[in-house]
Amino acid sequence: MDLTITGKVVQVLPLQQGTSQRTGNPWQLKTFILETQEQYPKKVAIEMFGEDKINANPCEVDDVITVNFDIDSREFNGRWYTSIRAWKVQQGVVPAQPAQPAAQPAPAPAAQPMANAAQSAAAANTDPFNSSADESTDLPF
């Protein structure tokens, strides 16, 4: 699944760095706030993890960017936390992929005009709105 969002960077938080307790490897995390450009703009905090991704995908305040991202949730001490992790940033607005043409519905059969239906029913001595051939029921319709 390819998730994307486009907007303007309104804030870049300070770079977080540390060392993994498990492997001893250094890590970096950059978080930036993206504001969507729609009728009711939304602000989204997006993380970029790893020095290689941070260096390959620079973004600064006031940049208009399109971000490819993944969403991940994890549980810690009975609470759930969700992260939006960017894996690719493109400068500017990237046009959406062209949608596949929708399948055309089959044409509906031509409706018989009401006058002709009434004439046909009168000729057959039946009710044009009751398609039931069995008239032994005492239902009002």
*So for the pair Asp2, Gln16, with labels modelled 7 Å out along Cα→Cβ, what separation do we get in nm?*
2.9 nm
*Near Asp52, within a Cβ-to-Cβ distance under 15 Å, what is the net charge of the other residues, with Lys and Arg +1 and Asp and Glu -1?*
+2
*Using label points projected 7 Å from each Cα along Cα→Cβ, tell me how many nm separate Asp72 and Ala56, to one decimal.*
1.6 nm
*asked:* Given an 8 Å cut-off on Cα distances and at least 6 residues of separation, report the relative contact order of the range 3-91 as a percent.
replied: 30 percent
*Could you tell me the largest-minus-smallest coordinate of the C-alpha atoms of the range 3-91 on each of the three principal axes, in descending order and whole angstroms?*
44, 32, 21
*What net charge is computed for the residues neighbouring Asp70, neighbours being all others with C-beta under 15 Å from the C-beta of Asp70, Lys and Arg scored +1, Asp and Glu -1?*
+1
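Since every read-out is calculated from the coordinates, none of them should be taken as a lab result. What you are looking at is a predicted structure, and each value in this text was computed from that prediction instead of being measured. Positions of Cβ are generated from backbone atoms using ideal geometry, with glycine treated the same way; all protein chains shown enter the neighbour counts.
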